[in-house]
Amino acid sequence: MSDLAFATISDLSDGLQHKRFSATELLDDVLARLETLEPKLNMFAALDVDGARADARAAEDRQMKGARLSPLDGIPTSVKDLIAQKGLPQRFGSRTSPDTPMAEDAPSVARLRAAGAVLLGKSTTSEFGCKAVGDSPLTGITRNPWNTDLTPGGSSCGGAAMVAAGLVPYAIGTDGGGSLRIPAALTGLFGLKGQFGRVPVYPTSATPTLAHVGPLSRTVEDGATVMEVISGHDRRDPFSVAGPVPAFREAARTDRKLRIAYAPTLGFARPQADVLDRLDAAAENVAALGHDVDRLDHVMDDPVDLWNAEFYAGVGTRLRPVIDASPDLIDPAVLEVLKTAISQQMEDYYAKVFARYAFRDAMRDLFERYDLLISPTLPVTAVEAGRDLPASLTDRSIVSWVFYTYPFNLTGQPAASLPIGFTGYGLPIGMQIVGGINDEEAVLALSGQYERAHGELDRRPETL
C-alpha cells in the first residue's frame, strides 16, 4: 500500500506545499491504487483520466511557483453522479438517462475547480438516489471496503467506498434522505449534510426541497475544509443560504460546551442491540467531555409518509414518461415506490406538505432547548450487498428502514454521521449529530471533540 493512501487533506496539502511530492506524482499514485481497487469495489460511474491529468499538471505548475489556490489544490477527488460535472454525462445511476456530456458544472463542482481540485470522475449512486444501499441498474453493485460482501450504503455509495478504501481523502455526495450519513455510518466515515441551501444545488434537483450536497471524509477537519470551499450563496438556487460562509474548520477545533438531547430511538426506530449499546456508551462519552446530556425517549412520530410524498413524488414526476412507456428500464424496487408516490391525490399531497411544516416547527421548538440531538445514524451495522434493505427490517421500505436520517431532510437542519467505533465483527458504527437551523458549527464542535478523544483514525479495512 502506498504511503499516500489514507493520508488526510492536511497531510497531502502539506506534502504538496513543501514539494515532498508533486501533484502529478500524487495522481499517478492514486491511479495505480485505483487499478487494483476498482475491480473489487466498483466505485466509478465514469472515470476521466485525461481530465484528471490535465488538472494535476495545472496544479503542479502552481505548486512549483508557490501559488497553490487552496488546501484542496492538486488533491484528487470525485463527484457523485447526481451532480453535474462539465464534460461528463450525468446518468443518475439510471439506464433512463442519456450519455450526454454536461455543458456546465454544478456550483459545488465549479468551486472545487476554482480551488484546484483534481477531478477523477463520477462516483456511483443508487438509481436517482432512491435507495439507501449501493447498487443501480446502470453500474451494478458497489461494495464496502470493510467487507466486500456488504453494501457501503447509499445512495452516495461510490464516494464512500473510495474514501473508506484510502483512495482519496474526500468525495462529494448528496443527501436527500440520508445519502451522505448512511454510507458514512456503514463505512466508518464522517459525512456532513450542512444546513439546507448551504451548498447550492443547480441544475434543479428532482427533489428540490430535500436535496443537500456535502462531503464524505475520514476526518472531521477534512469535512470542514471541504465544506468551506463548496458552501456559499448562488443566485441560481432559490433556496441558497445568503451571507458569509461560517468558519467551519475553526468550529471543528473548539471546546464549545453544548446542551444535547440523546434520542436512542427518536420515538419510533428499532435499533439492533449492539447499535444501542454502542450509542449508550457514546452518550456517556459525550457527557464526560463536559456537555449536558438529557435522554429523550420520544422526540417525534415517524414522518416517513411526509418524506415519501415529497421525495418519490418528485423523482416519479420527472420519470413519468419512462414509467408509462418503458418501466422495465427502472430498478423494480424503485419503480414500485415511484408509482405509489405519483398516484397521490392533490389534496392528500398538500395535507402532507402542511404536516411537514408543523413537523418542522416542532423540531424548531425542540432546538430552542438543545443545541444538538444525537442518535444512532442507522439501526443496523451491515446490509448484504445486492439487498434493498436489511433482513431484520423487511417490513419497511427501501428508505424507511433507515429511520433516523430522513426526518432531518424534512426540516433542513444540519446533520452529520460520526464514526464512534466498531462491532465485534470489525464493522463501523455511526452516531448522528443534528444541529439547530444554520448551526453547523455546533455539529462540527462536538464531532471534532469526540474524534480527538475517541477517534480510531488509524484503523483501516483489511479486506483490500
Listed peptides 281-288, 68-75 by packing density, highest first (mean Cβ within 10 Å): 68-75, 281-288
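Pull up the DSSP beta bridges for the chain and report the antiparallel fraction as a percent, rounded to 5.
Here the share of antiparallel DSSP bridges comes out near 70 percent.
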Residue (of ALA84, SER94, ALA117) at the positive-pole extreme of the range 67-156, dipole from beta-carbon charges: ALA117
Farthest toward positive dipole pole in the range 9-454 [+1 Lys/Arg, -1 Asp/Glu at C-beta], among PRO215, THR265, PRO71: PRO71
Anchor LYS19: lysines whose Cα lies under 27 Å away (excluding residues fewer than 8 positions away in-chain): LYS65
Nonlocal amide H pairs with LEU150, under 5 Å, H built at 1.01 Å: ASN144, ALA385
Value at 222 nm in deg cm²/dmol, rounded to 500, when DSSP H runs of n ≥ 4 in the chain each add -39,500 (n - 2.57): -11500 deg cm²/dmol
Whether the chain is rounded, prolate or oblate, judged on the alpha carbon gyration tensor where a/c under 1.5 counts as rounded: rounded
Set of lysines with alpha-carbon distance to LYS352 below 22 Å, sequence-local pairs under 8 removed: LYS131, LYS339
Rounded to whole Hz, the Karplus (6.51, -1.76, 1.60) HN-Hα couplings of the range 4-11, x for glycine and proline: 8, 5, 6, 6, 7, 4, 4, 4
Sequence ranges 311-318, 186-193, 253-260, ranked by mean other-Cβ count within 10 angstrom, highest first: 186-193, 311-318, 253-260
Reach of LYS80 by Cα under 16 Å, taken over aspartates and glutamates that are not fewer than 8 positions away in the same chain: GLU38, ASP48, ASP99, GLU104, ASP105, GLU127, ASP135, ASP175
Alpha carbon centroid spacing (whole Å) that separates the range 293-308 from the range 81-120: 35
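No lab work stands behind these numbers, since they all come straight from the coordinates. Nothing here was measured: the structure is a model prediction, and the numbers come from that model. All Cβ positions, even for glycine, are placed from backbone atoms using ideal geometry, and neighbour counts span all protein chains on display.
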